[in-house]
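Visitor: First the structure, then my questions, so here it is.
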Amino acid sequence: MTRDAIKNLILEIIEDIDEDADFDALQSDKPLRDQLDLDSMDFLDIVMELRKRHKLQIPEEDYPELATLDSCVNYLEPLLADA
Amino acid sequence: MHVPLLIIGGGLSGLAAAIRFARFIPDVLLLEQHSRVGGLNSYYYRNNRLFETGLHAITNYAPPKEKNAPLNRLLRQLKIKRQELKLHQQNQSEIRFLDQESLLFSNDFSLFDSEIAEKFPASHNGFRHLIELIDTYDPFRPLPFISAKKVIQKHLQNALLTDMLLCPLMYYGSSIENDMDLGQFVIMFRAIFQEGMFRPGGTIKDLLDLLLNHYSGHGGKIRTRAGVSKILHTDKKIHGVLLESGEEITCDYLLSTIGSEETYTLLGIPSGLKSMPRLGFVETIFEIQAGTPLPLAHDRTIIFYNSDKAFSYQQPEQLVDFNSGVICMPQNFENLPQASFKEVRTTHLARYEEWELLKNNQDDYKAAKETTALTSLPVAEKILGNFAQNIVYRDTFTPLTIERFTAKKKGAIYGNPIKIKDGDIGYDNLFLAGTDQGFLGIVGSMLSGVSIINQHILPRL
């Protein structure tokens with residue numbers, strides 16, 4: 001998967017969690033949670049959707065790697081190389 | 001049979017937990033001992049009509065824009081759209097201490113604030129400070145018991161107002177006598193006064209069917225009439241359960257929503273929990289003709305009343321204490337379709353041990369139920385206006401009814417006075433959710449199921 005495709009995947013998952021999520025002003029190097037008003041319960045949905053859609057097992061200690069859109073892409077790029 | 005997750009109890013916390021898990025991993029099995037799901041919030045048929053049990057109103061109302069409000073978080077977590085529930089807000093409710101004072105409240109908090117300013121002017125400033133405390137308090141931080149009553153009294157300097165604030169919060173969710181933990185008070189104050197009350201447009205059956213449809217849509221499985229007789233375990237590791245039918249089901253994780261002591265019983269070990277009085281309740285449903293006017297309180301949704309000099313919330317000495325209680329008129333929500341009947345529901349504190357004495361004598365038990373209804377009736381009429389002549393049907397539930405249908409120990413709807421907030425009782429793969437976790441009301445118990453799945457189970461699979 002390309003970096004752009006991974007980015008779109010994350011945004012698609014977030015849109016699925018909150019259909020009113022506003023991506024226009026989203027800064028890719030700032031925490032997603034603060035910008036999109038997501039709580040830790042919503043955040044778990046991102047992890048679980050990645051598991052469901054791409055059979056990715058993300059261990060709990062790696063959750064901080066998913067904090068910003070950029071860090072998501074960096075973390076997921078090698079894991080989704082063949083996807 | 002083996003499943004990754006097995007859930008005991010098809011009440012609202014079990015159903016919510018099941019949906020939450022099945023959204024990501026469909027292999028989940030929900031076990032319900034009764035023939036119907038819902039637990040305390042269920043229904044039965046009489047006179048060709050459906051009667052709801054449990055549900056008066058749902059607390060924690062929130063408008064759609066408040067994303068982090070418990071109701072909206074819950075719906076997001078379960079992927080249920082608000083429109084599916086068809087929410088109707090309460091008209092207005094009242095705390096009435098007879099011959100003393102009355103306070104109105106609704107889903108607009110400014111009404112309650114202005115009522116207190118008008119009727120308790122000397123305490124209004126203190127009330128504002130109390131609100132500041134509530135708005136900044138973290139009720140989920142683990143702390144030893146702090147007396148809410150003392151904190152409120154310190155702010156308000158008025159015993160009557162303190163009791164009036166506590167009365168609805170205790171009746172809608174306190175399992176302990178005459179006081180509440182401050183954290184619990186904050187949760188309940190937000191849920192009832194600051195957020196408010198609503199009900200779904202349909203019956204509780206429609207709500208339960210909606211949840212079941214979502215659950216089966218994700219691929220989840222359910223078995224009713226499937227009582228559990230034993231939890232199979234070696235030390236702290238759970239292997240599965242033995243059903244009353246003799247069948248064995250193994251699992252990786254077990255979630256129990258049936259109560260802490262009830263769970264220890266299935267584990268076959270003493271709970272070690274201190275024994276405290278469990279609060280029981282009686283409820284009478286009066287079905288009355290649709291045209292009955294109820295002139296003294298025609299638009300009220302819920303009235304929390306007290307007719308004694310001081311308010312006491314404790315296990316009565318006798319079968320029932322009629323000095324205080326809750327009167328609910330379930331048709332009084334905004335824009336509900338006109339029904340062909342009205343209901344008045346009255347709830348009072350009851351003593352399980354006294355009812356238990358009547359267990360084996362059907363005639364005495366029936367007579368006690370009759371007396372309960374006939375004593376409750378004039379209390380309700382004094383507050384609402386006369387309606388006795390328009391009653392078409394009535395029925396009374398006792399702590400024994402609740403125990404029989406929900407398996408709640410001593411019929412105590414709010415469970416054990418001791419709460420296990422994180423659902424962890426020291427087992428590797430068994431967790432508790434529901435009433436004994438300290439979350440209350442329909443939204444609270446459902447969030448409890450969801451949060452235990454999120455916290456303890458999903459990240460480990």
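The values are calculated or read from the model by the stated rules, or taken from the named source; none is laboratory data. Computed from a predicted structure; not experimentally measured. So basically every Cβ, Gly included, is an ideal-geometry build from the backbone, and we count neighbours across all protein chains shown. Ligands, DNA and RNA are excluded from the accessible area calculation, which covers all protein heavy atoms including side chains. Shrake-Rupley method; radii C 1.70, N 1.55, O 1.52, S 1.80 Å.
Visitor: For peptide A:31-44, what's the mean number of Cβ atoms from other chains within 10 Å of each residue's Cβ?
Guide: Per-residue shielding by partner chains comes out at 3.
Visitor: Could you point to the residue in B:T203, B:P316, B:L156 farthest towards the positive end of chain B's charge dipole, with +1 and -1 charges on the Cβ of Lys/Arg and Asp/Glu respectively?
Guide: It is B:T203, whose Cα lies furthest towards the positive end.
Visitor: Set the Förster radius R0 to 60 Å, insert the Cβ-Cβ distance between B:Y365 and A:D37 as r into 1/(1 + (r/R0)^6), and round the FRET efficiency to 0.05.
Guide: The computed FRET efficiency comes out at 0.65.
Visitor: Quick one: compute the contact order of the stretch B:280-406, relative version, from alpha carbon pairs under 8 angstrom and 6+ residues apart, as a percent.
Guide: About 41 percent, as a whole number.
Visitor: Moving on. If we count every other residue with Cβ under 10 angstrom of B:L358's Cβ, Lys/Arg +1 and Asp/Glu -1, where does the sum land?
Guide: Once all neighbours under 10 Å are counted, the net charge is -1.
Visitor: Roughly how big is the A-B contact, given as buried accessible area in Å² (both sides, 1.4 Å probe, nearest 100)?
Guide: 1700
Visitor: Right, something else. Cβ under 9 Å from B:Q314's Cβ, B:Q314 left aside: what net charge do those residues give with Lys, Arg +1 and Asp, Glu -1?
Guide: -2
Visitor: Taking all protein chains as present, what is the carbon and sulfur share of the accessible area of chain B, in % to the nearest whole number, probe 1.4 Å?
Guide: So the carbon and sulfur contribution to the accessible surface is 51 percent.
Visitor: Right, something else. How far is it, in nm, from the label point at B:D206 to the one at B:F140 when both lie 7 Å from their Cα along the line to the Cβ?
Guide: 3.2
Visitor: In addition: If the reach is capped at under 30 angstrom between alpha carbons, list the lysines near B:K309, excluding any in the same chain fewer than eight residues apart.
Guide: B:K119, B:K149, B:K150, B:K154, B:K369, B:K382, B:K410
Visitor: In nm, to one decimal, how far is the modelled label at B:S271 from the one at B:K421, with both set 7 Å along Cα→Cβ?
Guide: For B:S271 paired with B:K421, the spin-label model returns 1.9 nm.
Visitor: Continuing with this model, one more query. If you take the charge dipole of the protein assembly as shown about its Cα centre, with +1 on Lys and Arg Cβ and -1 on Asp and Glu Cβ, which of B:I176, B:G423, A:Y63 is farthest toward its positive end?
Guide: Selected residue: B:I176.
Visitor: For B:H233, which sequence-distant residues (separation of 5 or more, or a different chain) have an amide H within less than 5 Å of its own amide H, given hydrogens modelled in the peptide plane?
Guide: It is B:H239, by chain and number.
Visitor: From zero up to wherever the largest Cα-Cα distance of the stretch B:91-195 sits, split into 5 Å bins and tell me the percent of pairs in each.
Guide: 2, 12, 24, 28, 22, 9, 3, 0, 0
Visitor: Restricting to Cα atoms and excluding each atom paired with itself, what does the Kirkwood estimate give for chain B in Å?
Guide: When all Cα pairs of chain B are included, the Kirkwood radius is 22.7 Å.
Visitor: What size of dipole, in debye to the nearest 20, comes out for chain B about its Cα centre when the only charges are +1 on Lys and Arg C-beta atoms and -1 on Asp and Glu C-beta atoms?
Guide: Its charge dipole is roughly 1000 debye.
Visitor: Determine ³J(HN,Hα), in whole Hz, for all residues of the stretch B:124-139 in sequence, where each value follows from phi through the Karplus function 6.51 cos²θ - 1.76 cosθ + 1.60 and θ = phi - 60°; x replaces Gly and Pro.
Guide: 5, 4, x, 4, 4, 5, 4, 4, 4, 4, 4, 5, 10, 7, 9, x
Visitor: Stretched out fully, how many nm does the piece from B:E353 to B:N386 gain, at 0.36 nm a residue minus the Cα gap?
Guide: Full extension of this stretch gives 8.6 nm more.
Visitor: Let me ask something else about it. Go through B:380-390, B:354-364, B:398-408 and give me the packing order, highest mean Cβ count within 10 Å leading.
Guide: My ranking of the peptides, most packed first, is B:398-408, B:380-390, B:354-364.
Visitor: Ordered by packing density, taken as the mean number of other Cβ atoms within 10 Å over each peptide's residues, highest first, how do B:428-439, B:197-208 rank?
Guide: So the peptides B:428-439, B:197-208, ranked by packing, come out B:428-439, B:197-208.
Visitor: Taking amide H positions as placed 1.01 Å from N in the peptide plane, with prolines and chain starts having none, which residues 5 or more places from B:V3, or on another chain, fall under 5 Å of its amide H?
Guide: B:T250, B:C251, B:D252
Visitor: Could you tell me the distance between the Cα centroids of the stretch A:26-83 and the stretch B:411-428, to the nearest Å?
Guide: 33
Visitor: So, one more: Using only Cα atoms, locate the centre of the stretch B:323-352 and the centre of the stretch B:177-216, then give the distance between them in Å, rounded to an integer.
Guide: 16
Visitor: Follow-up. Can you tally the net charge around B:L212? Count Lys and Arg as +1, Asp and Glu as -1, for every other residue whose Cβ sits under 12 Å from the Cβ of B:L212.
Guide: 0
Visitor: Along the stretch B:177-186, what does the Karplus equation 6.51 cos²θ - 1.76 cosθ + 1.60 (θ = phi - 60°) give for ³J(HN,Hα), rounded to whole Hz, x for Gly and Pro?
Guide: 8, 6, 6, 9, 6, 4, x, 4, 4, 4
Visitor: Count, for each residue of B:452-459, the Cβ atoms from other chains sitting within 10 Å of its Cβ, then give me the mean as a whole number.
Guide: 3
Visitor: Just tell me how shielded B:24-34 is by partners: mean number of partner chain Cβ atoms within 10 Å of each residue's Cβ, no decimals.
Guide: What the average comes to for B:24-34 is 1.
Visitor: Straight distance only, please: which lysines reach the Cα of B:K65 with their own Cα at less than 30 Å, same-chain residues fewer than 8 apart left out?
Guide: By straight Cα distance, B:K65 reaches A:K7, A:K30, A:K52, B:K79, B:K81, B:K86, B:K205, B:K421.
Visitor: Label-point separation (nm) for A:F23 and B:E244, each offset 7 Å from Cα along Cα-to-Cβ?
Guide: The two pseudo-label positions are separated by 5.2 nm.
Visitor: Can I ask one more? Average projected area of the Cα convex hull of the stretch B:137-214, in nm²?
Guide: Mean orientational projected area (the stretch B:137-214, Cα hull): 7.2 nm².
Visitor: Give me the dipole magnitude in Debye, nearest 20, for chain A about the Cα centre, with unit charges on the beta carbon: positive for Lys and Arg, negative for Asp and Glu.
Guide: 460
Visitor: Still on this structure, please answer the following. Taking only the C-alpha atoms, wrap a convex hull around the protein assembly as shown and report its volume per residue in Å³ as a whole number.
Guide: Spread over its residues, the Cα hull of the protein assembly as shown gives 162 Å³ apiece.
Visitor: Please state the charge dipole magnitude for the stretch B:280-406, taken about the Cα centre, from unit charges on C-beta atoms (+1 on K and R, -1 on D and E), reported in debye and rounded to the nearest 20.
Guide: 240
Visitor: Going by average Cβ density within 10 Å per residue, which order do the peptides A:3-14, B:180-191 take, highest to lowest?
Guide: B:180-191, A:3-14
Visitor: Right, next: Considering Cα pairs under 8 angstrom that are at least six residues apart, work out the relative contact order of chain B and quote it in whole percent.
Guide: 23
Visitor: Okay, next question. What's the long-distance tail for chain A, i.e. % of Cα pairs beyond 14 Å?
Guide: 60
Visitor: Moving to a separate point now. Convert each backbone phi in the stretch B:72-89 into a coupling constant with the Karplus relation 6.51 cos²θ - 1.76 cosθ + 1.60 (shift: θ = phi - 60°), then list the ³J(HN,Hα) values in order as whole Hz, x for Gly and Pro.
Guide: Per residue, the Karplus-derived 3J(HN,Hα) values read 6, 4, 4, 4, 4, 4, 9, 6, 10, 7, 3, 4, 5, 8, 6, 6, 10, 7 Hz.
Visitor: Binned at 10 Å from 0, what are the whole-percent values of the Cα-Cα distance distribution for the stretch B:280-406, short to long?
Guide: 12, 43, 32, 12, 1
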